[in-house]
1. Go through K103/K255; K103/K206; K103/K365; K67/K146; K67/K255 and tell me which ones have a Cα-Cα distance over 29 Å in this structure.
2. Go through 376-383, 257-264, 59-66 and give me the packing order, highest mean Cβ count within 10 Å leading.
3. Quick check: from the Cα gyration tensor, does the range 282-462 come out rounded (a/c under 1.5), prolate or oblate?
4. With a ≥ b ≥ c taken as the square roots of the eigenvalues of the C-alpha gyration tensor of the chain, please select rounded if a/c is under 1.5 and otherwise prolate if a/b is larger than b/c or oblate if it is not?
5. Could you list which residues have their amide H under 5 Å from that of G97, counting only those 5 or more apart in sequence or on another chain, with H placed in the peptide plane?
6. For the chain, what is the mean residue ellipticity at 222 nm derived from helices alone (per DSSP H run of n ≥ 4: -39500 (n - 2.57); sum divided by total residues; nearest 500 deg cm²/dmol)?
7. Two decimals is fine: what's Rg over Rh for the range 26-129, C-alpha atoms, Kirkwood radius as Rh?
8. Work out from phi, with θ = phi - 60° and the Karplus expression 6.51 cos²θ - 1.76 cosθ + 1.60, the ³J(HN,Hα) of each residue of the range 303-318, listed in order in whole Hz, and give x for Gly and Pro.
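Since every read-out is calculated from the coordinates, none of them should be taken as a lab result. A quick note: this is a predicted structure, and the numbers were derived from the prediction, not measured. Reconstructed Cβ throughout: ideal geometry from the backbone, glycine too, with neighbour counts over all protein chains shown.
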Amino acid sequence: MAKKPSRTYVCTNCGAVHAKWAGQCDACGEWNTLEEMAVEPLAASSAAVRGGKGRRVALQALEGEIKLPPRTQTGIAELDRVLGGGLVPASVVLVGGDPGIGKSTLLLQAASKLAGKGERVLYISGEEAVDQIRLRAQRLGVAGAKLDLAASINVADIVATLEAEPDVRAVVIDSIQTMWLETIDSAPGTVSQVRACAFELIRAAKRRSFSLILVGHVTKEGALAGPRVLEHMVDAVMYFEGDRGHQFRILRAAKNRYGATDEIGVFAMTDRGLEEVSNPSALFLAERRGNIAGSAVFAGLEGTRPVLLEVQALLAPKGGDGAPRRAVVGWDTGRLSMLLAVLETRCGLKLSGMDVYLNVAGGLKVAEPAADLAVAAALVSAASGVPTSPGEVYFGEVGLSGEVRQVAQADARLKEAAKLGFDRAVLPRRIARGNTRSRPPEGLHLREIGHISDLVSAEMEAE
Ligand SMILES: Nc1ncnc2c1ncn2[C@@H]1O[C@H](COP(=O)(O)OP(=O)(O)OP(=O)(O)O)[C@@H](O)[C@H]1O
Ligand SMILES: [Mg+2]
Ligand SMILES: [Zn+2]
């Protein structure tokens, strides 16, 4: 007896599958993101499996010769680094990002660069007409590249084209949410369409061995199926992030089957497109004003790259009757509360009657606990009115009893600080055993502290 196709519901935000419809997705907590999806009856496929149509799969020993996939560098170093060294043939990369952040710009620049190296590259847009893409290419100064363009949303047509084109090395699809398959009975951008279109394109990429780059819009409203729905189908997922009000953009890998996920690429958006930023610290510190209380420089780490950032704190007498304000941009609110409590309890700093504002300048988001010491220094400086020394950087994790704890990669942080002309570093005291820190860079004076109160007394002494 043939079963009726059953119904399931898929969250357009996170891709979780639910048996029943609900107003809120219990996997990710978003509202109104569940969408109905038809599921084909399993009868046909399970008959094929049980009917003995399968052939034996060759089994192999774990030990054996390894052939690493050859990589094609796009020629944009910041992108290649995040990819893990370049594009891998027959692999699929999903590039997600907020509307207008610069996805099309990045990929048009990368595709042109790759085409310029003599590779066959196709750029297929479902969002813009060929004229618009040409106009952008002119603005970006890549109009001369031997890149093949197409404006289409029809996946059947696109796959037929790809099958007929020999030597295609890379294909950009901008965006997967505009793609459409006639056989799927729903609108472009729905979970069913996005998944089915991606499946067909990925199959073509595996069969013809080209690198496939899919653009995916990130949507909060759930009107379109977000990149999360595709994350498990692709080999690598990258997010292009940035603050529309700021110039710089960061490409971050969220998943990579062919490389590490802790690398970032840094770009600056200009009217001539995206420029690579090979020295992010200089960019992030460019607008720093010396001699202002409440500012401290954090020697941070993004992936394997050291990055210097300015942390700014502002204290103001609490306004009104309610709880004091804790406003944080670029750092964790919970962590700020913890640090404030530690400073108050262990160092006697009176902060509970104050509104606290904390900002990581430039719009970068910091997740490292190593930033604790820089945040504490900025807060102490704001409280005392004494600026931190302009040539000083800070890093170290702070524990609940006020102890300053070791963090990874101290040497790399110190080296970056010295490179940018800093002459003092405040950092965790070395523990006697397992001490692997090499000699500090020339001209850098280290002040190792074991407890956060050392920070306070030094600041107060300077007063
Ligand atoms: N004529 C222009 N001159 C200068 N900058 C421009 C111009 N047109 C666009 N830009 C910049 O490029 C950005 C848009 O980039 P892009 O179209 O690559 O983004 P996207 O992520 O592909 O956006 P969408 O979500 O609309 O596809 C704009 O936010 C703006 O900063
Ligand atoms: Mg675009
Ligand atoms: Zn969800």
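1. Details: K103/K255 18 Å; K103/K206 24 Å; K103/K365 20 Å; K67/K146 31 Å; K67/K255 22 Å.
Going by Cα-Cα distance, K67/K146 fall outside the 29 Å limit.
2. Numbers: 376-383: 25.9, 257-264: 16.2, 59-66: 5.2.
Top of the packing list down: 376-383, 257-264, 59-66.
3. Values: a/c = 1.70, a/b = 1.43, b/c = 1.19.
Prolate, since a/c reaches 1.5 and a/b exceeds b/c.
4. Working: a/c = 2.09, a/b = 1.78, b/c = 1.18.
In terms of gyration-tensor shape, prolate.
5. It is G216, V218, F240, by chain and number.
6. On the way: 11 runs with 123 residues, N = 463.
Helix-only estimate at 222 nm: -8000 deg cm²/dmol.
7. Working: Rg = 21.3 Å, Rh = 19.1 Å.
Rg/Rh: 1.11.
8. So the J values, rounded to whole Hz, are x, 9, 9, x, 9, 9, 9, 9, 9, 10, 10, 9, 10, 9, x, 4.
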